[in-house]
Amino acid sequence: MLGNVWQWTEDCWNDSYIGAPSDGRAWITGACDKRVMRGGSWSSLPVFIRSAARSGNDIEGRDFDYANYAGFRVARSLP
């Protein structure tokens, strides 16, 4: 799935992973006016086409228009 679109996540932006949830939950503290985007898109350089590549972007889309480069993945928790 990497390289198709940047994946928009629920995580709030934090500069590092110090204090991040260790159980896979979304990190909902920090700079929540920005969300984390991961993985690179079809137009990215190869260095960005990896799950560890991330960017913090304004939730209103003022930083950059990702309309052609971003998407989201529908997921649910299983009982």
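The values are calculated or read from the model by the stated rules, or taken from the named source; none is laboratory data. Predicted model, so just to flag it, every value in this text is computed and none were measured. Cβ sites come from the backbone with ideal geometry, for glycine too, and all protein chains shown count toward neighbours.
A compact table of results
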{"read-out": "Criterion violated by GLY40 - all others in (1) part of a loop (DSSP other than H, G, I, E, B); (2) in contact with a strand residue (DSSP E or B) (Cβ under 6 Å, 6 or more places away or on another chain); (3) closer than 15 Å to PHE72 by Cα satisfied", "value": "(2)"}
{"read-out": "Looking only at region 55-79, and only at residues there that are modelled with pLDDT of 70 or more and of a type in the set (Phe, Trp, Tyr), the one that is nearest to TRP42 (Cα to Cα)", "value": "TYR69"}
{"read-out": "Region 1-24, subset modelled with pLDDT under 90 and within 24 Å of LEU78 (Cα to Cα), residue surrounded by the most Cβ atoms within 10 Å (Cβ to Cβ)", "value": "GLN7"}
